[in-house]
Amino acid sequence: MWNDDPKIDEGRENGGLDVEILSVGTELLLGGTANIDAMLLSRRLSELGLNVRYHTVVGDNPVRLKRAVELARLRSDILITTGGLGPTCDDLTKQTVAAAFNKKLVLQQSVVDSIRERFRQMGREMPENNLQQAMLPENCTILPNECGTAPGCAFESGGVHVIMLPGPPRECTAMFDGSAVKYLSLLQQGVILSSTVRIFGITESRLDEILREDMDSMENPTMAPYIKENDCELRVTAKAETRERAEEMIGPVIEKLRLQLGDLIYGVDVSSLEQVALDGLRERGLTLGTAESCTGGLIAKRMTDLPGSSDVFRGGVVSYCNEIKESVLNVPEDVLAEYGAVSLQTAREMAEGARRVLHCDLAVSATGVAGPGPDREGNEAGLVYIGLAAEEGCFVRRVSLGDTGRERVRNLAASHAFDMVRRWLNGLPLEDPSR
């Protein structure tokens, strides 16, 4: 029935290979498991310059899975499946996909040996049903699984490339990065290179307003915005004969962005604000401490999540109640009585107190209202004061983040703290850039 519909192919677009991600698993449809694989794969495929056109989720049902595969082969150049490669009776991806592409399944002895060895290392005998995982489509490329027992595979049939990956996110990501990327790179003509410009302190709508005309007019390189949880990023992508030529094409675009956005850009091809802050502190041989109220230790957590943070991070104080602000950070009682815990004055005293107590070069503080709703003193949800204390004095940034949920307020407050650190390190203005 699918081959008789001439409209299916009309969605194909020029300028690249179209990809469909087909996620298999009833647990995904029922909401018991988040579809992390599709999110992670989409990011990586975009970085490779491939066009992810469709996300499809189908349960462990061979009839519906076969229909989904038949539709995907008509509208996509590359079909990537995740899940359904295990040894149990409901793991039907290989059988169904192979049948849809008229491929026989063949027992791969090298895979059998690999699975037996993995079980031997665990001190166990391989169950016979694991032999199902060694049945792979004829003439396929085997994608080894370094994190589990289920191998993946890749093959081409009728102009469509099929890649089958396991469902557990750790296994899926490792196999994609370790093997599938190499397979996909052979399909690309020339080089596709991307650079990511990371931005903090501007709204999505304002960023679009500034860059819309440029983005609409660009063909190669291209530029696309991505809104993250705590900041924004722009991905600049160029296709060229060589990597060097692609870099030459991307360079002027990034330089123009620096002129347009100025110090809102906190890095190019960097991972996060906290990484930029950590790198800057390490380069200058400086140490950092934290004093947190509304963020509940999140600033310290995000810093200590990074490898090498022990080089610069001295420690943190979570002073959630006023008694701790007074007794540990030495915030004067009269400051708390007159101005309240959520105030510029208290944020300043917290930062200065942390710098003294933790014996660090820089200290940041955060006090505010995470929400929902205002606090007992009538301060609105999302009102946060961020302090930064250094040898030459203390500066406090006031930000209004809105009643957008406790998690978002806390995360944005922590990002403001790291933004202040990186600005101080680079001699930039410390005021809220979004104001």
- Give the ranking of Asp432, Asp208 by solvent-accessible surface, highest area first, calculated with a 1.4 Å probe. Asp208, Asp432
- Task: Go ahead and estimate [θ] at 222 nm for the chain from helices alone: -39,500 (n - 2.57) per DSSP H run with n ≥ 4, summed, over the residue count, rounded to 500.
- Result: -11500 deg cm²/dmol
- Note on the structure: A 1.4 Å probe over the protein heavy atoms gives region 297-435 a carbon and sulfur accessible-area percentage of 46 percent
- Query: Taking the chain as a Gaussian network, Cα atoms linked when under 10 Å apart, which of Ala417, Ala154, Ala100 shows the biggest mean-square fluctuation?
  - Reply: Ala100
- Item | Whole-Å distance, taken between Cα centres, linking region 374-408 and region 22-37 | 38 Å
- Message: Between Glu125 and Glu219, what is the label-point separation in nm under the 7 Å Cα-to-beta-carbon projection?
- Response: 6.6 nm
- Message: Which residue, Gly159, Ile115, Leu184, has the largest displacement toward the positive end of the dipole of the chain when charges sit on each Cβ (Lys, Arg +1; Asp, Glu -1)?
- Response: Ile115
- Query: Given the protein chains as shown and a 1.4 Å probe, how many square angstrom of His359 are accessible, to the nearest 10?
  - Reply: 140 Å²
- Listed residues Glu233, Glu248, Glu125, most fluctuating in the chain (Gaussian network, C-alpha, under 10 Å): Glu125
- Heads up, I need the accessible area for Leu187: 1.4 angstrom probe, whole protein in place, Å², nearest 10. 40 Å²
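Add +1 for every Lys or Arg and -1 for every Asp or Glu among the other residues with Cβ under 15 Å from the Cβ of Gly123, and state the total. Mind dumping the intermediate values first?
On the way: positive: Arg116, Arg118, Arg120, Arg124; negative: Glu117, Glu125.
With Lys, Arg at +1 and Asp, Glu at -1, the neighbours total +2.
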- Note on the structure: Excluding residues fewer than 8 positions from Lys301 in its own chain, the lysines with Cα under 30 Å of it are Lys228, Lys325
- Message: Using a 1.4 angstrom probe on the protein heavy atoms only, could you order Ile227, Ile202 from most to least accessible area?
- Response: Ile227, Ile202
- Note on the structure: For Lys66, counting only lysines whose alpha-carbon sits under 16 Å away and dropping same-chain residues fewer than eight positions off, the answer is Lys94, Lys103, Lys104
- If pairing requires two Cys Cβ atoms under 4.7 Å apart, which cysteines of the chain are left without a partner? Cys89, Cys147, Cys172, Cys232, Cys294, Cys321, Cys360, Cys394
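Rank Glu392, Glu70 by accessible area, highest first, at a 1.4 Å probe radius?
Details: Glu392 130, Glu70 45 Å².
Per-residue accessible area, sorted high to low, gives Glu392, Glu70.
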- Task: Enter the accessible area of Arg408 (Å², nearest 10), with the probe set to 1.4 Å and all protein chains included.
- Result: 100 Å²
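The values are calculated or read from the model by the stated rules, or taken from the named source; none is laboratory data. Being a predicted model, the structure only gives us computed values, none of them experimental. We place every Cβ from the backbone using ideal geometry, glycine too, and count neighbours over all the protein chains shown. Ligands, DNA and RNA are excluded from the accessible area calculation, which covers all protein heavy atoms including side chains. Shrake-Rupley method; radii C 1.70, N 1.55, O 1.52, S 1.80 Å.
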